[in-house]
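What follows is a set of notes on a single structure, which appears directly below.
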């Protein structure tokens, strides 16, 4: 299980625009999930052990912050030809089984993942009410097998600071997880022949 870190997109970057299908077939656009006080964008997938390790705690965390006005959306960008467990049908099953309270979108072209410079699953991005990047990085220090609690400490600190009108946390650690499964020839930086 090779671990890939976040690219750590520059703070203040405007949120990339997207329009992607949800697991129920409805198209969700970035404009529907943005606004004050902020938005949490999560790149996840079904099969990654790093995502599975935090999934229940992540769903609970999102449900705690949605009543405070935080909007949330999850996006899966993996190549489903190579990883059929990440297909939209399986995404719908995972969303239902885990009681997702947020849209779970499929980025078939992988252009949205590229626009966010997402590198791994899970990868987290918090945008303020003006759509500027406030936090990017890990949920917490827990990883499969390291026996650290899945408490969402880093992500919670960022969301709490945003809600309180405080500056972004100075220390932001990269998330760590499975690399996004790029379609062959679609890897970031690949220009083909």
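The values are calculated or read from the model by the stated rules, or taken from the named source; none is laboratory data. All figures in this text were calculated on a predicted structure; none of them were measured in a lab. Virtual Cβ from ideal backbone geometry, glycine too; neighbours counted across all protein chains shown.
Looking only at the stretch 27-45, how many residues end up being part of a loop (DSSP other than H, G, I, E, B) and modelled with pLDDT under 95?
The total comes to 3.
Can you confirm whether the stretch 81-95 contains a residue that is more than 13 Å from the chain's Cα centre (by Cα) and closer than 23 Å to residue 36 by Cα?
no
Collect the residues in the stretch 97-117 that are more than 18 Å from residue 17 (Cβ to Cβ) and either touching a helix residue (DSSP H, G or I) at 6+ places or on another chain (Cβ under 7 Å) or in contact (Cβ under 8 Å) with a residue 12 or more places away in the chain (or both), keeping them in residue-number order.
Answer for the stretch 97-117, where residues must be more than 18 Å from residue 17 (Cβ to Cβ) and either touching a helix residue (DSSP H, G or I) at 6+ places or on another chain (Cβ under 7 Å) or in contact (Cβ under 8 Å) with a residue 12 or more places away in the chain (or both): 98, 99, 100, 101, 102, 104.
Assess whether residue 73 counts as being modelled with pLDDT of 95 or more, outside any helix (DSSP H, G or I), closer than 27 Å to residue 168 by Cα and touching a strand residue (DSSP E or B) at 6+ places or on another chain (Cβ under 9 Å).
Spelling it out, residue 73 is indeed modelled with pLDDT of 95 or more, outside any helix (DSSP H, G or I), closer than 27 Å to residue 168 by Cα and touching a strand residue (DSSP E or B) at 6+ places or on another chain (Cβ under 9 Å).
Just give me the residues in the stretch 149-166 being surrounded by fewer than 17 Cβ atoms within 10 Å (Cβ to Cβ), part of a loop (DSSP other than H, G, I, E, B) and at pLDDT 95 or above, in sequence order.
Selection gives 151, 164, 165, 166.
For the stretch 110-148, name all the residues that are within 23 Å of residue 91 (Cα to Cα), at pLDDT 95 or above and more than 12 Å from the chain's Cα centre (by Cα).
110, 111, 114, 115
Considering only the stretch 58-68, I want to know if a residue exists there that is surrounded by 13 or more Cβ atoms within 10 Å (Cβ to Cβ) and not in a helix (DSSP H, G or I).
Checked against the condition, which is being surrounded by 13 or more Cβ atoms within 10 Å (Cβ to Cβ) and not in a helix (DSSP H, G or I), the stretch 58-68 yields no hits at all.
Here are the criteria: (1) modelled with pLDDT under 95; (2) within 16 Å of the chain's Cα centre (by Cα); (3) part of a helix (DSSP H, G or I). Tell me which single one residue 51 does not satisfy.
Every listed condition holds for residue 51 apart from (1).
In the stretch 15-25, what residues are within 21 Å of residue 96 (Cα to Cα) and either modelled with pLDDT of 95 or more or buried (at least 17 other Cβ atoms within 10 Å of the Cβ) (or both)?
20, 21, 22, 23
Of all residues in the stretch 77-117, how many are closer than 10 Å to residue 44 by Cβ and either in a helix (DSSP H, G or I) or in contact with a strand residue (DSSP E or B) (Cβ under 6 Å, 6 or more places away or on another chain) (or both)?
Number satisfying all stated conditions: 4.
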